Amino acid sequence: MILSRASRILAVVFAASAFLMTANFASAQQSLREKLAAAIETASGNQLEIVNLKKTVLPTIYEVQLNTGEILYSDISGDYLFAGDMYRTSPSGLVNLSAVTRQGSATEALDQVAESEMIIFEPKEVKATLTVFTDVDCTYCRKLHGELDQLLDYGIRVRYLAYPRGGENAESFDKMVSVWCSDNRHKAFNQAKNGQNLPEKTCETPILDHYALGNQFGVNGTPALVFPDGRLVPGYIEATRLAGMLGIL
């Protein structure tokens, strides 16, 4: 009975200590966030803001994720910020922890994009879905699209997002607006990929949103392929190899 009572007292003490530690940690993290937010927003003219702040595997270092997808790191005092990726060493090499964070956040953002905003080519039987950031004038984007029938035969569903290289100032931007504003996006998309002239059309499009999402993923060229697990693979990959990478072959 005495031991049982003592055990209950210890349990209460430990619970209270854990609660206080959690509360103190939450308070310290909130203070750090406020200090960093004030400095970052002031320095950027309110263009940048913190969307996530979390502890890293290092006890005195915090990961600071910005609304642009960029990741910074701060010491626990908030007096110092530094940029660059954090890697963990392992027997098999290096693991880019920053890239893992970016990939997870970008994948969550991609899941929020309505498929009605995309141009999607459907196979008869879907075995895998590939999302592609594309520019209609890009040579290797056209080469990939030239293998669309083969991709569909493999059961690969292809979802296109717009990524005019250079954003609104890209030479292809107006063409991509015409494609997305077309009454028949698939036909207009194929024509643009084949270098054919399109009737100029304007409307409200998600193109710049797609472009911003591509930047969040870290796209710096097209085509950029997003696999179902969120991996970003840059550049053209021929259809048979793609099918293998997607686990179809």
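The values are calculated or read from the model by the stated rules, or taken from the named source; none is laboratory data. Predicted model only: the values in this text are computed from it and were never measured. Note that we place each Cβ from the backbone using ideal geometry, even for glycine, and neighbour counts take in every protein chain shown. All accessible areas refer to the heavy atoms of the entire protein, side chains included, with ligands and DNA or RNA removed. Shrake-Rupley method; radii C 1.70, N 1.55, O 1.52, S 1.80 Å.
Solvent exposure of region 139-240 amounts to 51 Å² per residue of accessible area, where only protein heavy atoms count and the probe is 1.4 Å.
The modelled label-to-label distance for the pair Arg241/Gln150, using points 7 Å beyond Cα in the direction of Cβ, is 1.1 nm.
Protein-only accessible surface at a 1.4 angstrom probe places the residues Tyr87, Tyr236 in the order Tyr87, Tyr236, largest first. Round to the nearest 0.05 the FRET efficiency obtained for Gln29 and Asp111 when R0 = 22 Å and r is the Cβ-Cβ distance. Once rounded, the FRET efficiency stands at 0.25. Among the helices of the chain, those built from whole DSSP H runs whose Cα atoms reach 30 Å or more along their own axis and whose mean Kyte-Doolittle hydropathy is at least -0.5 are 2-44.
Take the Cα of Asn67, step 7 Å toward its Cβ, do the same at Ala37, and the gap between the two points is 1.2 nm.
For region 32-156, the tally of Lys pairs with Cα-Cα distances below 26 Å comes to 4, considering only residues 8 or more apart or on different chains. Sorted largest first, the spans of the alpha carbon positions of the chain along the three principal axes are 84, 47, 35 Å. Taking every DSSP helix (H) stretch of at least 4 residues in the chain, weighting each as -39,500 (n - 2.57) and dividing the sum by the residue count yields a mean residue ellipticity at 222 nm of -13500 deg cm²/dmol. Entry note, region 106-209: relative contact order of 28 percent, from Cα contacts under 8 Å with a spacing of 6+ residues. Contact order for the chain, expressed relative to its length and based on alpha carbon pairs under 8 Å spaced 6+ residues apart, stands at 16 percent.
Could you give the size of the charge dipole of the chain about its Cα centre, using +1 on the Cβ of each K and R and -1 on the Cβ of each D and E, expressed in debye and rounded to the nearest 20? For this selection, approximately 920 debye.
Each part reduced to its alpha carbon centroid, region 112-166 and region 61-94 end up 33 Å apart.
Put Thr139, Thr205 in order of accessible area, highest first, and with a 1.4 Å probe you get Thr139, Thr205. Taking the alpha carbon gyration tensor of region 120-249, multiplying each eigenvalue by 5 and rooting it gives semi-axes of 24, 17, 12 Å, largest first. Extension gain for the segment Cys203 to Ile76, taken as residue separation times 0.36 nm less the Cα-Cα distance, is 41.0 nm to one decimal.
Summed over the residues of region 23-103 and divided among them, the accessible surface reaches 60 Å² per residue at a probe radius of 1.4 Å. Gaussian network model of the chain, Cα springs within a sub-10 Å range: biggest mean-square fluctuation belongs to which of Gly230, Gly221, Gly45? Among Gly230, Gly221, Gly45, the largest GNM mean-square fluctuation belongs to Gly45. Once neighbouring chains are kept in place and the probe is 1.4 Å, which whole percent of the accessible area of region 135-230 is contributed by carbon and sulfur? Here carbon and sulfur together make up 40 percent of the probe-accessible area.
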